[in-house]
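Comments concern the structure below.
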Amino acid sequence: MGEFGKRLREVRQTREIMQEQLAEMADISRVMIGRYETTDQLPALDTLVRIADALGVSADYLLGRTDALDAPLTVEYVPPSKPMKDKASLPKDVSELEALIRKIALETLKENHLLDD
């Protein structure tokens, strides 16, 4: 395992992020995360940037060019929502869909303290 793989695994584990979560956050497969962590394989530049952003570190840190963990954490892992199992609860028309979207948006704003109750 190369320097990139060691640092990738170290940061991921320190941040308590599973490989599956990081893969979703960086929009790559879990298999590739595993390969990066256990081999000398390096990601393409755009993938490296997505991984670094997802972990909140600089690409230079992951590549071993610096020991400074100075990049801000810009992405928070949010698990995917579970699909609705009850089809009867799905919106039946555009107005019901718009009402559901408004409800979800308001709940999200309140949860993030961006809107008073």
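The values are calculated or read from the model by the stated rules, or taken from the named source; none is laboratory data. Since we're looking at a predicted model, the values are computed, not measured. Ideal geometry is used to build each Cβ from the backbone, glycine not excepted, and the neighbour counts take in all protein chains shown.
A few points about this structure:
- Test: residue in the range 93-108 that is at pLDDT below 85 and among the hydrophobic types (A, V, I, L, M, F, W, C): no
- Meets criteria (outside the structural domain of N112 (by TED's automatic domain parsing) and either at pLDDT 95 or above or not in a loop (DSSP other than H, G, I, E, B) (or both)) for Q41: no
- Checking each residue in the range 1-31 for being in contact (Cβ under 8 Å) with a residue 60 or more places away in the chain and outside any helix (DSSP H, G or I) picks out only I17.
- The range 76-92 - residue that is at pLDDT 70 or above and assigned to a loop (DSSP other than H, G, I, E, B) and, of those, surrounded by the most Cβ atoms within 10 Å (Cβ to Cβ): P91
Results for (1) of a type in the set (A, V, I, L, M); (2) surrounded by fewer than 17 Cβ atoms within 10 Å (Cβ to Cβ), shown as yes or no for each residue.
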position	(1), (2)
K6	no, yes
R9	no, no
R15	no, yes
Q19	no, no
T38	no, yes
L45	yes, yes
D53	no, no
L62	yes, no
